[in-house]
1. I want the local charge near Gly98. Using Cβ-Cβ distances under 12 Å, sum +1 for each Lys or Arg and -1 for each Asp or Glu among the other residues.
2. Report, to the nearest 10°, how far helix 196-209 tilts away from the longest principal axis of the Cα atoms in the chain, using its own Cα long axis and a range of 0 to 90°.
3. For the chain, just the Cα set please: Rg and Dmax, both in angstrom.
4. How charged is the neighbourhood of Tyr136? Take every other residue with its Cβ under 13 Å from the Cβ of Tyr136, and add Lys/Arg as +1 and Asp/Glu as -1.
5. Stretched out fully, how many nm does the piece from Glu206 to Glu316 gain, at 0.36 nm a residue minus the Cα gap?
6. Grab the DSSP H runs of the chain that are 4 residues or longer, score each as -39,500 (n - 2.57), total them, divide by all residues and round the 222 nm result to the nearest 500 deg cm²/dmol.
7. Which whole-Hz ³J(HN,Hα) couplings does segment 255-269 yield from phi under the Karplus relation 6.51 cos²θ - 1.76 cosθ + 1.60, θ = phi - 60°, glycine and proline marked x?
8. On a 1.4 Å probe surface of the protein chains, which of Leu164, Leu178 comes out largest in accessible area, and what is the full order?
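The values are calculated or read from the model by the stated rules, or taken from the named source; none is laboratory data. Quick caveat: nothing in here was measured; it's all calculated off a predicted structure. In this analysis, Cβ positions are derived from the backbone assuming ideal geometry, glycine residues included, and neighbour counts consider all displayed protein chains. With ligands, DNA and RNA removed, areas are computed over all heavy atoms of the protein, side chains included. Shrake-Rupley method; radii C 1.70, N 1.55, O 1.52, S 1.80 Å.
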Amino acid sequence: MFRSLHMKLVMILVLLITSLMTVVGAFLMTSVTNFYISDFYSQMQQAFADVSFVSALQTEAAQEDGAQRVQALLEIYSGTLGIDSRSRNYYILDGDTGAFLRGSDESGGNSLEQTANLLAARNGSVGYDSDIAANYMDVAVPITGGDNHFIIYIRDNRAAVSSLNSELLLIILQALLLGLLVSVLLSFLLAKTMIDPIEKLTEGAERIAGGNFDEVLEVDSTDEIGVLTTTFNDMASVLHHTLDAVENERSKLDALFLHMTDGVVAYDGDGKLIHCNPAAVALLDRAPEDCDYGELFEPICPFSRVMSMRRGDYVEAELAVGERSVELYFAAFADEEAGGVLIVLHDVTEHRKTEDRRREFVANVSHELRTPLTNIRSYAETIRDADGDIPRETENNFLDIVINEADRMTHIVQDLLTLSRLDSGRSEMVMARFAFGDAIDAVLRSIALEAQRHGHVLMHSYPPHLPLIMGDRGRIEQVMLNILSNAVKYTPDGGHIFVTAGDAGEKVWMEVADDGIGIPEKDRERIFERFYRVDKARSRESGGTGLGLSIATEIVQRHHGSLTLVDRDGPGTTIRLELPVSQAEGQEALQ
């Protein structure tokens with residue numbers, strides 16, 4: 001209840017008025033009391049300072065009935081002394097014993113207490129001392145006349161002061177009640193002018209806290225509260241735009257983390273996972289809740305080491321996940337409140353494979369060129385060192401070997417140049433429509449003599465009118481010739497080679513099947529790789545470089561076709577070539 005600003009305001013006003021009236025009342029009552037005390041003693045001093053009055057008292061006291069005569073004189077001076085027989089009385093006491101003799105209050109005279117002033121008068125001194133804490137005021141004056149000794153004792157019981165103070169207290173209480181009523185009325189007025197705008201500001205702040213920035217607070221005044229309301233509206237507008245900008249950036253970051261190919265994993269300062277994007281889940285091959293730092297990364301890079309790194313430092317490492325190679329980058333991040341560890345994961349599997357292929361490619365090229373170069377050098381040195389001592393026929397045989405090895409090196413270099421042009425896109429394809437069947441016929445005629453030399457039976461079966469296709473006829477025939485040449489080379493003499501072709505929808509196809517040595521299961525996925533040969537010794541003897549099928553694959557892919565190894569029962573190999581009848585628009589001049 002007292003947490004309300006309105007109630008606090010009421011309580012402040014009530015306490016303020018109560019405190020003020022209490023201070024004023026206490027001041028007034030104390031002032032009245034002090035005034036009466038001061039007035040009493042001033043009146044008494046003035047009366048007994050009158051020499052004629054004191055002399056008259058002494059004269060009367062010297063008489064035989066001195067007490068009676070002194071009383072008569074005091075009655076005459078009762079107005080001067082302020083005697084009213086109600087609150088202020090006089091008493092004539094014996095100067096030696098202090099016994100009551102006569103006075104204006106017979107009943108009270110016999111029960112007078114021995115005050116300090118009375119004791120002073122009995123000792124011969126005038127008692128004028130005042131005690132503000134006492135409930136009376138008194139003066140004791142010794143009077144001596146002849147042999148008679150009297151004490152004139154005047155005592156005021158402060159009845160008038162108490163009555164006046166009671167009246168003052170009543171007035172103060174009435175004023176206090178009126179002030180409290182005024183304070184309540186003022187509190188409602190102040191609540192209307194001050195608290196209502198503050199409550200509106202509070203409601204506006206609650207709406208903003210709930211995400212509602214549409215409503216603008218009305219400015220009703222130009223005072224401090226009006227300025228505060230205007231500032232609040234400006235703050236809400238700036239906050240709205242800022243939150244929109246932050247949300248926009250957050251959406252961008254979420255989209256970036258969600259769709260980026262690199263994985264991102266973040267842990268807080270206690271090693272608890274706070275972020276793991278889909279790429280990281282895929283690279284680590286586990287659910288986010290299973291991505292515990294201690295289990296995954298602690299052996300590679302301790303958490304404490306990363307947290308102790310300075311800004312800009314990072315640690316690079318590599319993690320094997322199944323057959324995948326993942327490169328890891330560890331870095332610490334920190335803000336004003338907390339810090340943590342950020343790990344970026346990059347899939348380098350293909351990069352590693354490419355590096356391996358490159359190294360293998362360089363090794364294969366070096367090996368393929370070194371073998372013919374070694375043979376050429378050996379036979380050339382033999383001819384030179386013989387200095388005409390070897391028969392002419394032997395020398396010619398050696399020269400034939402040198403020429404064959406040179407031709408072999410030329411084929412290797414030409415194949416490498418062809419692959420280089422295909423890889424770089426500098427090998428232009430001369431696209432034109434031609435009959436697919438005519439190309440097969442041309443290749444069969446060119447390979448027929450080589451097949452006959454090996455004693456092979458070359459058979460074919462395909463429709464007489466195959467569709468016209470769009471492509472580079474010379475390149476397509478090079479692919480067909482490569483497939484047929486391999487069938488001839490790797491089929492033992494006296495074998496059978498069967499060529500079939502046809503069309504299916506928007507594609508044409510050709511298959512070359514032989515009953516040769518075949519391809520082992522473990523080598524089937526790699527026969528289209530560069531320099532890969534199933535039987536390296538036999539391939540080298542037959543003049544193979546291991547680049548033919550790679551070149552054929554590149555040419556077919558640039559025609560948007562496919563070159564595949566067909567699964568079949570029994571010995572031998574079947575390779576299938578598929579090509580589209582037409583090329584997509586804008587692709588008729590493929591590079």
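1. After counting each charged neighbour, the total is -2.
2. Around 20 degrees separate the two axes.
3. 63.7, 199
4. So the environment of Tyr136 carries a net charge of -3.
5. Numbers: separation 110, 0.36 × 110 = 39.60 nm, distance 4.84 nm.
Taking 0.36 nm per residue and subtracting the Cα distance, the gain is 34.8 nm.
6. On the way: 18 runs with 302 residues, N = 591.
That comes out to -17000 deg cm²/dmol.
7. 5, 5, 5, 6, 10, 5, 6, 7, x, 10, 10, 10, 10, 7, x
8. My answer, sorted largest first, is Leu178, Leu164.
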